[in-house]
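Report on one structure; see the data block that follows.
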Amino acid sequence: MATPGEKLAESLEKLKELQDSGIVAIKASDLSRVHKTRLINNGFIREVIKGWYISSPHDELQGDSTSWFTSFWGFCSRYLDDRYGKDYCISAEQSLKLHSGDNSVPRQLIIRSPKGNNSLTKLLYGTSLLVIKSPISEISEKDIYNGVRIFNLPSSIVYSSPSIYSKQAIDTRTALMMIRDSSELLSILLDGGHSTIASRLVGAYRNLGQNKIADDILKTMKSVGYDVREKDPFTEQSSIIFDTRERSPYVNRIKLMWNEMRNIVIDAFPKEPGIPEDTITYMKTIEDIYVTDAYHSLSIEKYIVSPQLIEKVKSGTWESDNNEEDSKQKDAMAARGYWQAFNSVKGSISHILKGENSGSVVNRDHGDWYRELFVPSVTIGLLKASDLAGYRNNQVYIGQSMHTPINKDGVRDVMSLLFKLLEEEERACVRAVLGHFVFVYTHLYMDGNGRMGRFLMNTMLVSGGYPWTVIPVETRKQYMNALESASVDQNIKPFAEFIANLVQAGLKGEPLATLTK
């Protein structure tokens, strides 16, 4: 008779077959009742809605949304195909968000389908599907995003409601700038006789400084008798000069976010002290905070690292060659790497204190920080040497986050832009807050993004004479929630105020313990 372990292994084999075939949304009929029950009881699959499941790590903690958010689009793809076949499309407004590079999991995915019944289907962790009964015959062309049918770019622009210009201004500006030529929009506008929509688009493109597209739409619509009256639908004039050759939605999105968020950061921050004359003493304060900073920064990433281990690494008594226990300990490697990277960051700061442009210094040196951070793990074989290659070449996901980082093809374009923005930005607080945010929003490495983002933040704070600022592990939830709000809702205020409060306390010399109460 088979043991319980052998029976579970048999069920896992069936689950693996489904996963290997690319199935994310598991239909009840995909597994026998016995296999399904075993897998549910042992935490390997979980129910999303009646009769539909997703795989989940058996040791995933209750309340951990990671497996759901990483499975969201794959689940919706199969579920919607099963229910509606090819006869559905997600809303124009949400299609536009995806085209503009906003890959966040929506709290409510709105579906248009002639088979819809205006019903709401609740999913996991506050997400839902709303299927609206609506014809989709006017959509001549559709695109596929992660297996889900969406409006193509021109259709999403034309058929979105006017509210996108105020409620989704960043998405809308980004999407409009992806249109290469007015003909992409005119074919839809002319066939549908959309003179009111054309009036908005003429005004919108004029707002963006794209006068040729605006004039082409206006003249063409009028030439065939449509009454087009130019009207700017945006509530504010664009202050960004766009490069018409730039086709990456991510680059334009980051430009727009930076421009919109910077004043919020400035308003939240205390006055910039300026680099002190006594840079030797200033550097000494940075060196003195190392143990505290390392403990909290590593603990935020859930490494189990004690101050004693950090001191052991710092003093040089840690020996990977002679101490088998040390050499095998992942946490010790993280501590050693942090020490080496911290010293590399100090080297960068010394150049900034001598007057070098902080953005240029970080652009030049951040690869050194990253390598120092992970060399110890490579040396003892915890990581492959190729892990030091640099920017990622695969898609990554962030645990318990609705934000999906930029795809691998956009990473290099965005990082080039980030360093340009850092070089040109006048305010140190903006460089610090938005530099950290954009860095982790992009998530350019497979690992280490949080630590690198905090190194970047502190380097930029130092460039304005602010104190090196530790983010206490006790505030991890608030820190992560603030980043989530910035990433998903483009609301930078909670993150700006969170960092500003820590900086203000540092300026006052308040002990770290008082900040976590």
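Quick notes
- Sequence-distant contacts, meaning Cα pairs under 8 Å at least 6 residues apart, place the relative contact order of the range 400-454 at 39 percent.
- Neighbour-limited loop hits for trypsin sites (Lys or Arg not before Pro), the range 367-453 (at most 14 other Cβ within 10 Å; DSSP other than H, G, I, E, B): Lys384
- Each part gets one Cα centre, and for the range 400-472 versus the range 280-304 those centres are 18 Å apart.
- Normalised by residue number, the volume inside the convex hull of the Cα atoms of the range 70-223 is 107 Å³ per residue.
- Proximal charge balance of Asn117 [Cβ under 12 Å; K/R count +1, D/E count -1]: +3
- Per-residue ³J(HN,Hα) for the range 96-105, Karplus 6.51 cos²θ - 1.76 cosθ + 1.60, θ = phi - 60°, Hz, x for Gly and Pro: 4, 4, 5, 4, 7, x, 8, 9, 4, 5
- All-pairs alpha carbon distance profile, the range 207-278, 10 Å steps from 0, percent: 14, 30, 26, 17, 8, 4, 1, 0
- Kirkwood hydrodynamic radius of the range 412-517, from inverse mean 1/r over distinct Cα pairs, in Å: 14.1 Å
- Karplus-based coupling profile of the range 330-342, in residue order and whole Hz: 4, 5, 5, 5, 5, 5, 5, x, 5, 4, 5, 5, 4, with θ = phi - 60° in 6.51 cos²θ - 1.76 cosθ + 1.60 and x standing for Gly or Pro.
- Radius of gyration, Dmax [the range 153-271; alpha carbons; angstrom]: 15.3, 58
- The range 353-422: mean projected area of Cα convex hull, nm²: 6.5 nm²
- When DSSP beta bridges are restricted to pairs lying wholly in the chain, around 75% turn out antiparallel.
- Over the range 1-85, the hull volume per residue, using the convex hull of the C-alpha atoms, is 95 Å³.
- Given +1 at the Cβ of Lys and Arg, -1 at the Cβ of Asp and Glu and no other charges, the dipole of the chain around its Cα centre is 1380 debye to the nearest 20.
- Helix-only mean residue ellipticity at 222 nm for the chain, each DSSP H run of n ≥ 4 adding -39500 (n - 2.57), per residue, nearest 500: -17500 deg cm²/dmol
- Dimensions (Å) - the range 251-516, Cα atoms, principal axes, largest first: 53, 44, 34
- Each other residue within a Cβ distance under 10 Å of Ser32 adds +1 if Lys or Arg and -1 if Asp or Glu, for a net charge of +3.
- Here the 3J(HN,Hα) profile of the range 225-230, calculated from phi with Karplus coefficients 6.51, -1.76 and 1.60 at θ = phi - 60°, is x, 7, 8, 9, 10, 3 Hz, Gly and Pro shown as x.
- Cα coordinate range in the chain, projected on the principal axes (Å, largest first): 79, 76, 41
Read-outs: derived from the displayed coordinates by stated rules, not from any lab. Quick caveat, the model's predicted, so the values are computed rather than measured. We place every Cβ from the backbone using ideal geometry, glycine too, and count neighbours over all the protein chains shown.
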